[in-house]
1. Modelled with pLDDT of 85 or more, over 29 Å from P475 (Cα atoms) and touching a strand residue (DSSP E or B) at 6+ places or on another chain (Cβ under 7 Å): which single residue out of A344, A317, A367, A327 fits that description?
2. Given the criterion assigned to a helix (DSSP H, G or I), within 22 Å of Q248 (Cβ to Cβ) and modelled with pLDDT of 85 or more, identify the matching residue among A171, A176, A186.
3. Output the residues belonging to the range 169-208 that are hydrophobic (A, V, I, L, M, F, W, C), more than 20 Å from A395 (Cα to Cα) and under 34 Å from the mean Cα position of the chain (by Cα).
4. Tell me the residue from L409, L431, L405, L444 that is over 21 Å from I199 (Cβ atoms) and either free of Cβ contacts under 8 Å to residues at least 24 places away in the same chain or not aromatic (F, W, Y) (or both), please.
5. Got a sec? Which of R311, R316, R295 is in contact with a helix residue (DSSP H, G or I) (Cβ under 8 Å, 6 or more places away or on another chain), crowded, with 21+ Cβ neighbours inside 10 Å, in contact (Cβ under 8 Å) with a residue 40 or more places away in the chain and within 23 Å of G352 (Cα to Cα)?
6. For L270, indicate whether it is within 30 Å of Q387 (Cβ to Cβ), modelled with pLDDT of 80 or more and of a type outside the set (K, R).
7. Does S192 satisfy being modelled with pLDDT of 90 or more, under 23 Å from P280 (Cα atoms) and not β-branched (V, I, T)?
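The values are calculated or read from the model by the stated rules, or taken from the named source; none is laboratory data. These numbers come from a predicted model, not from an experiment. Positions of Cβ are generated from backbone atoms using ideal geometry, with glycine treated the same way; all protein chains shown enter the neighbour counts.
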Amino acid sequence: MAERRMPPLHGRLAALALALLLAGCAGARKAPLEVDLPLPAAYRGSTTDERLRSGAELPWWEAYRDPALAKLIAQALERNRDIQLAVARIEETRALIGPAQYAELPRLSVGADAATERQPRAYRFNLPPGAGRDLRLYGLTANASYELDLWGRLKSLEAAVRADYLASRFARETVAISLVGDVAQAYFDILSTRQQLAITRGTLEGRRAFLDLTRRRFEGGRASAVEASRAEAAMLGVQARIPMLEQQLGQLENRLALLVGGIAGEPGALVAPDARLPLPPDVPAGLPSSLLERRPDLLAARQELEAASFRADAQRAALLPTISLTASLGLQSRSLGDLLSGGATTWGLGAGLLQPLIDASRNKFLAQAQEARERQALVRYQRAAEQALREVSDALVARSRQAELRDTLAGQAKSLERAAALAEQRFKAGLAAYFEVIDAQTELLAVQLAESDARRALLSATVALYKSLGGGWDPAAFAEGGPTVSSAAPVAR
């Protein structure tokens with residue numbers, strides 16, 4: 001039988017490296033998780049005559065044709081603290097791209113050293129005659145090391161950091177959209193509260209006039225004490241509404257001041273006293289599928305999913321061996337004066353293959369944990385998309401129903417105005433008691449306030465629809481690194 005000969009050692013090492021390479025190529029990368037997002041054909045609450053496009057074009061607040069509102073939004077986007085925090089977060093994630101890129105480059109280092117070593121007496125015969133036991137060495141070295149990224153670990157980590165950076169930019173747009181909506185909402189709330197305050201004050205003046213009239217009629221014997229007391233109670237009931245409305249107005253003005261990045265000042269400093277509620281514009285909702293391309297919070301969630309997937313790839317690659325190359329070049333001499341002489345040169349080249357053994361189980365558990373984080377990111381993205389669809393549908397339903405309610409209350413208010421006027425005439429003519437006047441005026445005041453609140457709610461629903469559609473930023477400008485709604489200057493890429 002012929003004797004089997006073992007292959008040379010370098011051949012066995014090459015075969016082992018090739019086997020590890022093939023195993024790494026087969027197991028380091030994993031197919032990304034599939035995103036299952038069943039989308040409806042249309043939003044619930046949308047009408048068939050709406051155009052199939054998004055109503056979130058820039059800048060949507062100009063549809064209200066209110067320069068004061070546009071100015072407040074511009075101030076908020078420039079000075080709001082939440083925007084500033086989001087910008088700082090972008091700067092942080094952008095700076096982290098640098099270290100991830102440098103990790104893929106060779107590591108270079110230089111060093112200088114000086115050492116003294118005392119030799120044992122037994123080894124003195126190895127030293128030149130007359131030399132002491134103290135051995136001094138001086139050296140200069142330059143070292144280089146490079147990790148071969150065969151399994152894509154370093155590239156996956158860099159891709160994850162870049163996904164974090166994109167997610168932070170999308171997050172800033174999300175903050176900006178929410179801020180614009182909050183400013184518009186606070187502005188409309190202030191105008192609505194002012195309107196309700198004016199209605200209440202006007203009603204109070206009327207109640208005071210009729211209280212005086214009732215008292216004179218009581219003094220003349222043409223009205224009872226009950227009618228006079230009832231008239232006074234009705235007047236005080238209206239008067240009691242005013243402090244509550246004034247408190248609400250002051251708090252709303254403080255909220256708007258905080259949103260625009262300032263502190264509360266004099267009443268009317270941010271919103272002119274003569275400002276009035278605008279008419280709500282029409283907002284075509286578009287298709288549900290376009291929502292995934294427009295809403296920056298969904299785009300941010302998608303980038304977070306991408307980052308989690310890349311980190312899972314990097315953690316799986318940590319299970320495989322690390323192959324590194326090293327090189328060194330230096331000078332070494334026993335005398336500092338001879339350090340730069342030609343005979344002091346040293347150099348070295350090497351290659352290493354490190355397969356984790358004790359840490360293999362640890363890395364396996366870390367890979368499982370990162371894969372679980374990837375699945376969590378997927379669920380968060382799916383949940384965010386479902387919530388976005390709900391927000392659009394809610395805003396569409398609210399806008400439609402609030403428009404109907406506003407029109408109904410407006411018609412009811414006109415009818416009650418006529419009824420109250422007739423009751424006053426009948427009272428002055430002595431044909432009706434003041435209770436009839438009080439009831440008519442009380443019902444009229446309630447409907448007038450409800451109508452004002454319905455107008456505010458309709459504007460609020462319109463703002464909510466713009467926000468839910470991802471309105472207020474330009475995806476094309478974002479992709480080009482240009483200005484968007486939340487930035488007046490291009491973003492470095």
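1. Testing whether each residue is modelled with pLDDT of 85 or more, over 29 Å from P475 (Cα atoms) and touching a strand residue (DSSP E or B) at 6+ places or on another chain (Cβ under 7 Å) leaves just A327.
2. A186 is the lone residue from the list that is assigned to a helix (DSSP H, G or I), within 22 Å of Q248 (Cβ to Cβ) and modelled with pLDDT of 85 or more.
3. F170, A171, I190, L191
4. L431
5. From the options R311, R316, R295, the qualifying one is R316.
6. No, not satisfied.
7. Criteria met by S192.
Residue by residue, here is whether (1) of a type in the set (D, E); (2) crowded, with 22+ Cβ neighbours inside 10 Å; (3) in contact (Cβ under 8 Å) with a residue 12 or more places away in the chain; (4) within 17 Å of L305 (Cβ to Cβ) holds:
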| position | (1), (2), (3), (4) |
| --- | --- |
| A142 | no, no, yes, no |
| R162 | no, no, yes, yes |
| L166 | no, no, yes, yes |
| L179 | no, yes, yes, no |
